[in-house]
Amino acid sequence: MGRVLAIDYGRKRCGVAVTDVLQISANPLPVVRACDLMEFLKTYCAAEPVERILVGEPRRMDGQPSESMRYITPFLNRLRRELPGIPVEMVDERFTSVMAHRDMLTAGFKKSDRERKGFADEMSATIILTTWLESQGK
């Protein structure tokens, strides 16, 4: 069994989270600049057994794809081309940013921590991965 990796793709920064090899828990990895993401993924996947990559799919409230898909789609095409042996799956991410900020408030994070660039991206990727794990009954 390999790891499952989740990405909260953004224009500047990308949150990344990964499961343990038994696919029980989701853990954040450091935020990666969008321009460095593909190299990061190739290096990570060469070092660790990655079974699947999940990418957050931004949708509007009516369920239609959001405007953000116009810069995510080229990334998806490149990801599938550069890592052809790893299945790529889209996961609805409509409420992950809101949930990440709410979870930070609930956990008592200071305002300075909540405003740290990338922290919400880390949490959003972890939420995407946790949601997927729960949908798989894990």
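The values are calculated or read from the model by the stated rules, or taken from the named source; none is laboratory data. Note that the structure is a prediction, hence the values are computed from the model and not measured. Using ideal geometry, Cβ is built from the backbone for each residue, glycine included, and neighbour counts are taken over all protein chains shown. The accessibility values were calculated without ligands, DNA or RNA, using every heavy atom of the protein model including side chains. Shrake-Rupley method; radii C 1.70, N 1.55, O 1.52, S 1.80 Å.
Values as computed for the structure displayed
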item	result
Residues that are of a type in the set (V, I, T) and in contact with a Cys (Cβ under 9 Å, 6 or more places away or on another chain), drawn from region 1-50	I7, V31, V32
Which listed residue is over 20 Å from P28 (Cβ atoms) and at pLDDT 95 or above, from R60, R78	R78
Subset tally (residues that are touching a residue at least 40 places away in the same chain (Cβ under 8 Å), in contact with a Lys or Arg (Cβ under 9 Å, 6 or more places away or on another chain) and open to solvent by less than 70 Å² (accessible area, probe 1.4 Å)) for region 20-33	2
Total residues in region 28-72, condition of a type in the set (G, A, S) and not in a helix (DSSP H, G or I)	4
Yes/no for S66 being at pLDDT below 85, open to solvent by 30 Å² or more (accessible area, probe 1.4 Å), out of contact with any Leu (no Cβ under 7 Å at 6 or more places or on another chain) and among the small types (G, A, S)	no
Residue satisfying condition, being of a type outside the set (A, V, I, L, M) and touching a helix residue (DSSP H, G or I) at 6+ places or on another chain (Cβ under 8 Å), within set R70, R81, R11	R11
Residue tally, condition out of contact with any Leu (no Cβ under 7 Å at 6 or more places or on another chain), closer than 15 Å to E93 by Cβ and part of a strand (DSSP E or B), over region 8-27	3
Enumeration of residues in region 34-51 that are within 16 Å of P74 (Cα to Cα) and open to solvent by less than 40 Å² (accessible area, probe 1.4 Å)	A34, L37, M38, L41
Options M90, M99: the member that is within 18 Å of the chain's Cα centre (by Cα), modelled with pLDDT under 80 and not charged (D, E, K, R)	M99
